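Novice: Here it is, the structure in full.
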Amino acid sequence: MRNITEHNITDAVIGRFENCADPRLKEVLTSLVRHLHGFVRETGLTEAEWMQGIEFLTATGHITDAKRQEFILLSDTLGVSMLTVAQNHSKPAGATEATVFGPFHVASAPCFDNGADISGGAPGAPLFVDCTIRGSDGAGVADATVDVWQCDQDGFYDVQYKDNDAHRARGVLHSDAHGRLRFRSVLPVAYPIPTDGPVGQLLVATGRHPWRPAHVHFKIQAPGFETLITHVFRAGDPYLDSDVVFGVRASLIADFVAHSAGTGPHAREIEGRYHTLAFAFVLQPG
């Protein structure tokens, strides 16, 4: 087509996908072009503004590496991550709700025995976690693979420390024959997502805070069940109603119970204050 104008260019671009052999790819790209062109028209976008957008995305790519995923942060803070989770993981009543994956998971986390200390020396008050993993019928799910990761008392994940290759406050465990999972870690705290990159600049420009409420991440996999990616949030956190990534669900909030020094879980003597968390995960068949 010649003589492209602002009125016929959208149809012209969509027409170029006519021979796309993948129907889903064709559907997604066609919709993307329609909405993107509609956005340009609705906002009256200038060339300078579009170039600013390109530079923003370029900077987002440049700061992304094996330890930091700025594009996930961007998706999270715009609510796109949670929207895709919500529409793809609708749960029946009683099943544990899913939430965002986040940018700090690593595939090479160490494996631990049930009941182990996964803190790896991370700073923070001791936290003893005692979970049950069950199906919708109430039966315990044996040998479920559970990936756990969280921040320390300073609000940092292990991968955020420069020149540190040690894994701390993360690990992979398996539930026992009754679906029970126990481990020791450290008490998580509220933390700001990284603000030294393009996403942080976007938050500042729009008057938004960067904080996430305290939580522990869980990824639970077991044959015959849908994989569950979720958090357990700490009750009473001041950011539960304004999570920067929109990930909080009321059903995922639990008490991290404080205890004075003494004999703690697993019959261990704890010198200082410690916390315990009990939570029941219910997996959806799939």
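Novice: Order Met51, Met82, Met1 by their accessible area, 1.4 angstrom probe, all chains in place, largest first.
Specialist: Result of the area sort, largest leading: Met1, Met51, Met82.
Novice: Using a/c under 1.5 as the rounded threshold, could you call the stretch 1-96 rounded, prolate or oblate? The axes a ≥ b ≥ c are square roots of the C-alpha gyration tensor eigenvalues, and prolate needs a/b larger than b/c, oblate otherwise.
Specialist: Note, shape of the stretch 1-96 comes out oblate.
Novice: Just the number please: accessible area per residue for the stretch 185-286, 1.4 Å probe, all protein chains included, in Å².
Specialist: 45 Å²
Novice: Whole angstrom only: what separates the Cα centroid of the stretch 74-99 from the Cα centroid of the stretch 236-286?
Specialist: Here the answer is 21 Å between Cα centres.
Novice: Whole-Hz ³J(HN,Hα) for each residue in the stretch 163-180, computed from phi via Karplus 6.51 cos²θ - 1.76 cosθ + 1.60 with θ = phi - 60°, x for glycine and proline: what do you get?
Specialist: Once rounded to whole Hz, the list reads 6, 10, 9, 7, 7, 9, 6, 7, x, 10, 10, 10, 5, 7, 4, 9, x, 9.
Novice: With the calculation restricted to Cα positions, what are the radius of gyration and Dmax of the chain in angstrom?
Specialist: In Å, with Rg to one decimal and Dmax whole: 22.5, 81.
Novice: Dipole size in debye (nearest 20) for the chain around its Cα centre, Lys and Arg Cβ +1, Asp and Glu Cβ -1?
Specialist: 320 debye
Novice: Of all accessible surface on the stretch 134-182 at a 1.4 Å probe, what whole percent is carbon and sulfur?
Specialist: Numbers: 1020 of 2330 Å².
Reported share for carbon and sulfur atoms: 44 percent.
Novice: Grab the DSSP H runs of the chain that are 4 residues or longer, score each as -39,500 (n - 2.57), total them, divide by all residues and round the 222 nm result to the nearest 500 deg cm²/dmol.
Specialist: Counting only the DSSP helices, I get -7500 deg cm²/dmol.
Novice: Once the Cβ-Cβ distance between Ser260 and Ala21 is put in as r, and R0 is 45 Å, what FRET efficiency do you end up with, to the nearest 0.05?
Specialist: 0.10
Novice: So if R0 is 25 Å, what FRET efficiency would Ala166 and Glu271 give, r being the distance between their Cβ atoms, rounded to the nearest 0.05?
Specialist: On the way: r = 24 Å, r/R0 = 0.95.
Once rounded, the FRET efficiency stands at 0.60.
Novice: For an R0 of 41 angstrom, estimate the FRET efficiency from the Cβ-Cβ distance between Val40 and His178 and round to the nearest 0.05.
Specialist: Efficiency, from the Cβ-Cβ distance: 0.10.
Novice: Taking square-rooted eigenvalues a ≥ b ≥ c of the alpha carbon gyration tensor, is the stretch 41-153 rounded, prolate or oblate, where a/c under 1.5 means rounded and, failing that, a/b exceeding b/c means prolate?
Specialist: Oblate, because a/c is 1.5 or more while a/b does not exceed b/c.
Novice: So for the stretch 155-286, Kirkwood radius off the Cα pairs, Stokes-Einstein at 37 °C and 0.692 mPa s: how many µm² s⁻¹?
Specialist: Translational diffusion coefficient: 190 µm²/s.
Novice: For Arg34, what accessible area in Å² do you get when you roll a 1.4 Å probe over the heavy atoms of the protein chains, rounding to the nearest 10?
Specialist: 140 Å²
Novice: So for the pair Thr58, Thr145, with labels modelled 7 Å out along Cα→Cβ, what separation do we get in nm?
Specialist: Going from the Thr58 label point to the Thr145 one covers 4.0 nm.
Novice: With every protein chain present, what accessible area does Ser136 have (1.4 Å probe, heavy atoms only), rounded to the nearest 10 Å²?
Specialist: Approximately 90 Å² for this residue.
The values are calculated or read from the model by the stated rules, or taken from the named source; none is laboratory data. On a predicted model such as this, the values are computed, not experimentally measured, just so you know. Using ideal geometry, Cβ is built from the backbone for each residue, glycine included, and neighbour counts are taken over all protein chains shown. All accessible areas refer to the heavy atoms of the entire protein, side chains included, with ligands and DNA or RNA removed. Shrake-Rupley method; radii C 1.70, N 1.55, O 1.52, S 1.80 Å.
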